[in-house]
1. Restricting to segment 1-32, give me the number of residues that are surrounded by 10 or more Cβ atoms within 10 Å (Cβ to Cβ) and either assigned to a helix (DSSP H, G or I) or at pLDDT 85 or above (or both).
2. Looking at (1) at pLDDT 90 or above; (2) in a loop (DSSP other than H, G, I, E, B), which is the only condition I37 fails?
Amino acid sequence: MCSCHALTAQCIGVVGSNQNTVEVALDLIARLPDKDIYSLHRSFSIRPKGTSPFSDKVYFPEFIGR
């Protein structure tokens, strides 16, 4: 992550609707209390971790690089 001192924008948008996006937004809120942090996503709500149809595919040999 870049240095907080280098950020000059007042508003920061975090794009995505998964759990990792929420974690990034919460981290930015904690690090940059004087900035406006927005969560931007197409879906109605945030998706819990592991709900993607591809969540467990990394464990199958056909999806692992050789």
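1. Within segment 1-32, the subset surrounded by 10 or more Cβ atoms within 10 Å (Cβ to Cβ) is 4, 7, 12-29, 31-32.
From what's left, either assigned to a helix (DSSP H, G or I) or at pLDDT 85 or above (or both): 4, 12-16, 19-29, 31-32.
Summing the residues that are surrounded by 10 or more Cβ atoms within 10 Å (Cβ to Cβ) and either assigned to a helix (DSSP H, G or I) or at pLDDT 85 or above (or both) in segment 1-32 gives 19.
2. (2)
The values are calculated or read from the model by the stated rules, or taken from the named source; none is laboratory data. Being a predicted model, the structure only gives us computed values, none of them experimental. Glycine also receives a Cβ, built like all others from the backbone with ideal geometry; neighbour counts cover every protein chain displayed.
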